[in-house]
1. State the extension gain, in nm to one decimal, for the chain segment bounded by E24 and R75, taking 0.36 nm per residue of separation less the distance between their alpha-carbons.
2. Just to be sure I understand the model, the point goes 7 Å from the Cα along the line to the Cβ. What's the resulting D199 to A41 distance in nm?
3. Which Cα, out of Q28, L210, V245, lies furthest along the positive dipole direction of the chain (beta carbon charges, K/R +1, D/E -1)?
4. Tell me what the chain gives for mean residue ellipticity at 222 nm when only DSSP H runs of n ≥ 4 count, each as -39,500 (n - 2.57), the sum divided by the residue total, rounded to 500 deg cm²/dmol.
5. Name the residue, out of G134, G70, G40, whose mean-square fluctuation peaks in a Gaussian network model built on the chain with Cα pairs under 10 Å.
6. Sticking with the crude label model, points 7 Å out along Cα→Cβ, report the distance from L52 to R173 in nm, one decimal please.
7. Counting alpha carbon pairs within less than 8 Å and at least 6 residues apart, what relative contact order, in whole percent, applies to the chain?
8. Using a simple spin-label model with points 7 Å from Cα along the Cα→Cβ vector, what separation in nm is obtained for N64 and A234?
Amino acid sequence: MQMRTEKIRGRGVDRLLDVFDEMERADQPMTVSDLARRLGAPKSTVYLLVDLLVEREYLDSLPNGRYQLGARFGRLGMAYGRHASFANIARKALSELAARTKVVAELVVIDGWIQFVPFAAVDETNPYLRSSEGARFPLPHTASARFLLRDVPREAILRNIPNAHYNLPNGQRVSREQFLADIENARHLETYSTRGIVDPHLSCIAAPLLDHEGNCVAAVSLVMPLTELDSREAELSLMLLETAVFLTNQLKVVPFKLG
């Protein structure tokens, strides 16, 4: 009898969480019938759950028979922002990304007109890859900089990036105009990739992290041997974007602090 009761309670918890998920995904208030259809659950069950959630202020009841997320969800979001650390969230996301992709995963920012890598993760099954955590790179050398500088005025970029930083390790040089054109082009891209710039044998894919106003405040990137990007670019870009979207969503409720 006890096991049966525990199973019923377990199903009830699942249903409650399902309601939360559907209300979060919905772009407008929903009726009990809407929720029942989405959940594939009896309307009588959903009525009981909705009544409980309204009573506890997780849902608000509207005059037209529809329901929307309630004030308690707003308070929970604020509490999450107070307790969560973006640094911890980012480290965990990067570790998972490195494990999935089997390459180096980084979070990068601009620090004093240099690209800085505060967090990086390396897949343990590839010991030949090294973590870049703590590394600094001239901005014209990196794929991420094409996103990081997209909201910076052109005049500031030209004034602050030293002339020597346009000289690449492979012996070539990026012109200022080409660099500015790359930044402008990146506005219309989800990811940006480079080959053999930071190191003749390495390639990189980057994606932006956006704050609540849509400004790029950081970027996530994958670093790998050239051959891997040539054979896996579509697959790696998709996994990188999933992490970028996740971290961008975290920035809506968690203050952007590196420590």
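The values are calculated or read from the model by the stated rules, or taken from the named source; none is laboratory data. All values derive from a computational prediction rather than experimental measurement. Using ideal geometry, Cβ is built from the backbone for each residue, glycine included, and neighbour counts are taken over all protein chains shown. Accessible surface areas use protein heavy atoms only, side chains included; no ligands, DNA or RNA. Shrake-Rupley method; radii C 1.70, N 1.55, O 1.52, S 1.80 Å.
1. On the way: separation 51, 0.36 × 51 = 18.36 nm, distance 1.49 nm.
My answer for the length gained is 16.9 nm.
2. Between D199 and A41, the label points sit 5.1 nm apart.
3. So the residue we want is Q28.
4. Values: 9 runs with 121 residues, N = 259.
Rounded to the nearest 500, the figure is -15000 deg cm²/dmol.
5. Comparing G134, G70, G40 in the GNM, the peak value goes to G40.
6. Between L52 and R173, the simple spin-label model gives 7.0 nm.
7. Working: 400 pairs, mean separation 42.7, N = 259.
Computed over the chain, the figure is 16 percent.
8. 4.2 nm
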